[in-house]
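Visitor: Here you go, one structure.
What follows is calculated from the coordinates using simple rules that are stated; it is not laboratory data. This structure is a prediction, so every number in the text was calculated from the model and none was measured. Neighbour counts run over all protein chains shown; Cβ positions are idealised from the backbone, glycine included.
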Amino acid sequence: MPTKDSLLPKGLLHPLRCVLFLLAACLWVGSAAAKVTVQASKDCSTTPCTVVEAQFTTVVAQTITWNATYTGGPTDGHSFYLSTGGSNMADIPLTTSGQGSGSQFLQPGTYYISIKTFLMGPGFYSVTYGPTSSGEPHITTINGMHYNFQSVGEFVLLRNEGMEVQTRQTPIPTTYDPAADPHDELATCVSINTAVAARVAKHRVTYEPNLSGVPDPGGLQLRVDGVRTLVGPAGIDLGDNARIARTMAPGGLVIDFPDGSILFVTPSWWDFLGIWYLDVDVVPAGDAAGVAGSFTLDSRGAPGSWLPSLPDGTSMGPMPPSLHDRFVDLYQKFTDAWRVTSATSLFDYAPGTSTDTFAMKTWPPEHPPCSLPGKIAVDPLPEPVAKQICSSVVAENENCVYDVVVTGNAGFATTYALRQGLRISPPARSCNMTLAWILAAFLLLALILLLICVFRR
């Protein structure tokens, strides 16, 4: 039996459906997220248990760090597992004895926290991965190795064909002589990140303090291709699927690159010194070189060199036996290799200044004291106090305690806490807005035709 004619002419129905689909695809904002720290949890205080799942993807072989807080009773599972098959499977044991933290070498792939298995009892379980430069720069490389980098000036944090990130580091005089870095046993004076710049698509993006040099607690200044700009609720579309948006952290930025890499910047104001400092986290889409570039790894995941490779790909080789040779390798050879020049810098500068203005090749000194003429030296805090201040920081607790002890600045704990579980909102997705308006106009025309058909009947 023939059906009743629709209100719209049949010839218009199929094109209209296509327009609706394309317009929805163009304007839809999803809920996907890219995270630096992922966390799963299980709460069994009610029946059934409330479970929050988590997964993550590594693009290069790397060492991840993990933390577990067990809230169940003695008979509940005190283990932490990962799986490549789903959160209801468990095939990669991180701990089976109730250990609270550790590390694990993983090949590239997608991994699930096995939170739905009975082996993992009530609690909170997190995994941290990806390259970072945080605090008094504690570097996590793209394949998960850790070392401290206290040089002063502007450096390439990460670089490949699809993106580049540069950071500016500033010295912090202290009355406290810092303890040795566990990686290289060097006890050096400290510095902090104070600005970041990036090559994003065809644009140059900088996030810096006031170029005049006058301290401004109101916030850092964002520039795109040298022009100061503000980030609105919709973010800034840079084209080629690149964009800039705000994070939930005050003054925080997330930058999406065309290759799928993501940069997070989390700033904080240090009132006592009147300066901004910031933490930089990257979720890379592929391998990259730089201060946070890959260590050379052997087949077992053990480092084949003690530092990331040089710009020409040359390995830094095994760690020298003497502390002096380590210092020279790290703070002269390696530092100068990754220091930016006037020709390679992505930063913006006030008239009469350049990258050389911010360089200090004598910092850190090989041996304390950690003082600078004309600069205020900050006093430390006792370690028990620092541990209490950093008690809410899970993923990088040791770094947080170290930073607060050395500088006496409790604000480091706030910055670390803000960085836990960074998310993209909205996701990196751009749309040709001209096309969107054309599709919207076509849809409006279709609706007008619909009304005409209705009234004619």
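Visitor: Find, among the GluC sites (Glu not before Pro) in the range 132-177, those assigned to loop by DSSP (not H, G, I, E, B) with at most 16 other beta-carbon atoms within 10 angstrom.
Guide: Answer in residue order: Glu161.
Visitor: Counting other beta carbons within 10 Å of each residue's own, what order do Val227, Val59, Val52, Val254 fall into, fewest first?
Guide: By the 10 Å Cβ count, ascending: Val227, Val52, Val59, Val254.
Visitor: What relative contact order, as a whole-number percentage, does the range 37-128 give when Cα pairs under 8 Å and 6 or more residues apart are counted?
Guide: 43
Visitor: For the range 132-377, just say rounded, prolate or oblate: build the C-alpha gyration tensor, square-root its eigenvalues into a ≥ b ≥ c, call rounded for a/c under 1.5, and beyond that prolate if a/b exceeds b/c, oblate if not.
Guide: Here the range 132-377 falls in the oblate category.
Visitor: Please enumerate, by chain and number, the aspartates and glutamates with C-alpha under 13 Å from the C-alpha of Lys361, excluding those fewer than 8 residues away in the same chain.
Guide: Glu154, Asp336
Visitor: In square nanometres, what is one fourth of the surface area of the convex hull spanned by the alpha carbons of the range 37-128?
Guide: With every direction weighted equally, the projected area is 5.2 nm².
Visitor: Taking loop as defined by DSSP and a crowding limit of 10 other beta carbons within 10 Å, which chymotrypsin sites (Phe, Trp or Tyr not before Pro) in the range 106-188 fit?
Guide: Qualifying residues, ordered by number: Phe118.
Visitor: I need Asp329, Asp336 ordered by Cβ neighbour count within 10 Å, fewest first.
Guide: Asp336, Asp329
Visitor: Sort Trp269, Trp66 so that the residue with the fewest other Cβ atoms within 10 Å of its own Cβ comes first and the one with the most comes last.
Guide: Ranked by crowding around the Cβ, least crowded first: Trp269, Trp66.
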